[in-house]
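The values are calculated or read from the model by the stated rules, or taken from the named source; none is laboratory data. Being a predicted model, the structure only gives us computed values, none of them experimental. Note that we place each Cβ from the backbone using ideal geometry, even for glycine, and neighbour counts take in every protein chain shown. When the accessible area is computed, the model is the full protein with side chains, heavy atoms only, and any ligands, DNA or RNA have been set aside. Shrake-Rupley method; radii C 1.70, N 1.55, O 1.52, S 1.80 Å.
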Amino acid sequence: INRSPTKNIPNPSFYQRQTTIASSSMNAYSEDPNTISLYPAELYDEDLTPDCGTEIDEKCTEIYEATKGWGTSEKRLIEAIGATTGEERKYISLRYEEMYEKELKKLIRSECGSNNFGEALQYLSLGPIETECRMLKKAVDGFGSNKVMMYSILCGRSNADMELLKKTYYKLYTDDLVSRMGGEVGGDMKKILMSAVQAAEEEFDPDFHTEDKAKEDAEELYKAGQGRWGTNEAKMAKIVVLSPPKYLKIVNAVYADQYGYTLFKAFEKEMGSLGGEAILYTLGMKLKPYETIAKLIKKACAGFGTDELLLTCTLIRYQDLMGHVCVAHEELFEKSVHERVKDESGGNYEKLLLALLNKVAPLE
C-alpha cells in the first residue's frame, strides 16, 4: 500500500511503534501458525480461589460509588470497567458480588439499560467465557438468529476454548450448545457450525500431515468448489475446520501451486452464502487471524448503518489481540480502528469502545 506515513493515523508514533512490535509477532505466526486461544484457561479452574488483589477491590468500589444513590456516573463506570482486560473483568465480576451482595451484570442493566452503551457494559460485567455465552444466547434468542454472530464466535476456535464454551453455556443456561446451535441453522451453515463445535481440530503430526495428504485434500477442495458448493460442503468443512493451521498452510500452498490461486481466492469466488462466509472466516482465523478480525470490524461498519452489536462483540472478544489487529486494519483499509469507532459511534458508547482499545493499543 502506497501511503503517507501519517495518513489517517491519529498518532503516527503509536502506529510506528505498534507496527514494529506487531510485525515480528505476525510474521512468526505466519511461519508457525496455531489456532489462537482467547480464554485465560487458569481462570476457569473449578478449584481456583482467586486472589483478586487491592486493584480489583478499588475497581469494585469505584463501580459502587458510580451507581449508588440517584443517578449514575457513566464517566466513572467507563473508567472502572472499560479500561480493563478480560482477566480483570472476570475478577471484578466475582469480587463485586462478594463485596456488595449483588450481581454486577444485573446492577449494570438496572443502571444503564439495554441501549448500545448499556449492552456493551453488561458484556463487560462478565468474564470472557461468560460474555461469549451471553453473546451466543443473544444471537439465537427472539425471532430469527444472528448467523454472523454465531459463526464469528464459533468458527476458528481452539479445542480448549470450545470445550470451555460448551461447558459454561450449559452451566449458565442448562442447554446443550451443540443442540441449540444446530437447531438454529440449516444447510451449509449447519454442517460448518456442527463441525466447529465438536472441538476436534487435529494436532499437527508431520508424519500424518504430509505434502502427499495435502495434495489429496487440495484436490478434494477443488472438486467440491467448482460450482458444486451445496453438494459437498460437509467434506469442505471437515478439511478446513479439523485441519491444524500448520497443515492448512501446506494445503493452501499446494492448492495455489496446482490451481493458480489460494484457498482464500477460491472460496471468495465460489461462495456467496452465509455458509461460504463461515468457512472463509474459519480459514482466515487459522491462517490470517489479525487480518480476518480487522475485516470483521469493517463488516460491522459496512453499508447503510452500523451493526453495533457485531462491532461491540468483536472489540470485546478480541481485545487482547487488538495491538495486532489495529496494524492489520490500517494496512488493509488505510484507517485506524480508533478512527472507525469514532466515525461509527458516539457519546458514552464511543468513549467505552475507545477505552477498551486504549487499554491494549493506546494512541498515546
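Remarks
- Helices (runs of 4 or more DSSP H) wholly inside region 268-364 containing at least 3 residues that are more than 27 Å from Ser243 (Cα to Cα): 308-317, 322-333, 337-344, 347-360
- Of all residues in region 63-99, those satisfying the criterion of being touching an Asp or Glu at 6+ places or on another chain (Cβ under 6 Å) and either in contact (Cβ under 8 Å) with a residue 24 or more places away in the chain or part of a loop (DSSP other than H, G, I, E, B) (or both) are Thr67, Thr72.
- Gly284 vs. criteria open to solvent by less than 10 Å² (accessible area, probe 1.4 Å) and not basic (Lys, Arg): yes
- Lys147 vs. criteria open to solvent by 70 Å² or more (accessible area, probe 1.4 Å), at pLDDT below 95 and under 18 Å from Val241 (Cα atoms): no
- Positions within region 126-163 being over 23 Å from Thr292 (Cα atoms) and among the aliphatic types (A, V, I, L, M), in sequence order: Leu126, Val140
- Applying a threshold of 6 Å to beta carbon distances and a minimum spacing of six or more residues, or different chains, the list of pairs starting in region 336-364 at a residue that is in contact (Cβ under 8 Å) with a residue 60 or more places away in the chain and ending at one that is acidic (Asp, Glu) and crowded, with 22+ Cβ neighbours inside 10 Å reads Ser336/Glu330.
- Within region 111-125, restricting attention to residues that are farther than 12 Å from Leu309 by Cβ and open to solvent by 10 Å² or more (accessible area, probe 1.4 Å), the residue that is farthest from the chain's Cα centre (by Cα) is Glu111.
- Hits in region 165-218 (condition: open to solvent by less than 40 Å² (accessible area, probe 1.4 Å) and on the phi > 0 side of the Ramachandran plot): Ala199
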